[in-house]
């Protein structure tokens, strides 16, 4: 019997080391491996890869959805270190927690421009 056991979203970045630094230092992920073109980070059972792109438009149009438990606690943690003014596109930011078709969620725009949604696991 076939069983899917996981997936690893690939985010893009013009500056992979800077993106890794944000995910590790600001959001509490752990670096698994890294070079200038490709890196991996994880927090809990969620792994993310960061891949180099030469075109900012790619990162600006990359997104992922990740289910988490403790959505409110995670938002509280991250809103202490990341701007909650998502309309200010000059850097990383969080949206507020909202209801969407995917469920209760908030989004993070990272330093590279990727938009990652964190959805409350049911």
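In region 85-102, what residues are touching a helix residue (DSSP H, G or I) at 6+ places or on another chain (Cβ under 9 Å) and surrounded by 12 or more Cβ atoms within 10 Å (Cβ to Cβ)? The answer is 92, 94, 97.
Of the residues making up region 32-59, those that are outside any strand (DSSP E or B) and surrounded by 15 or more Cβ atoms within 10 Å (Cβ to Cβ) are 53, 58, 59. When you scan region 66-73, do you find a residue that is over 11 Å from the mean Cα position of the chain (by Cα) and on the phi > 0 side of the Ramachandran plot, even just one? The answer is yes; a qualifying residue exists.
To keep it simple, each residue is scored yes or no on (1) closer than 23 Å to residue 19 by Cβ; (2) at pLDDT below 95; (3) part of a loop (DSSP other than H, G, I, E, B).
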{"position": "66", "(1), (2), (3)": "yes, no, no"}
{"position": "73", "(1), (2), (3)": "no, no, no"}
{"position": "76", "(1), (2), (3)": "no, no, no"}
{"position": "81", "(1), (2), (3)": "yes, no, yes"}
{"position": "90", "(1), (2), (3)": "yes, yes, yes"}
{"position": "96", "(1), (2), (3)": "no, no, yes"}
{"position": "106", "(1), (2), (3)": "yes, no, no"}
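Does region 64-77 include one or more residues that are touching a strand residue (DSSP E or B) at 6+ places or on another chain (Cβ under 9 Å), in contact (Cβ under 8 Å) with a residue 12 or more places away in the chain and over 28 Å from residue 5 (Cα atoms)? No, region 64-77 contains no residue that is touching a strand residue (DSSP E or B) at 6+ places or on another chain (Cβ under 9 Å), in contact (Cβ under 8 Å) with a residue 12 or more places away in the chain and over 28 Å from residue 5 (Cα atoms).
With respect to the conditions (1) closer than 28 Å to residue 5 by Cβ; (2) touching a residue at least 60 places away in the same chain (Cβ under 8 Å); (3) in contact with a helix residue (DSSP H, G or I) (Cβ under 7 Å, 6 or more places away or on another chain), residue 19 lacks only one, and its number is (3).
The values are calculated or read from the model by the stated rules, or taken from the named source; none is laboratory data. All figures in this text were calculated on a predicted structure; none of them were measured in a lab. With ideal geometry, Cβ positions are generated from the backbone for all residues, glycine too; neighbour counts draw on all protein chains shown.
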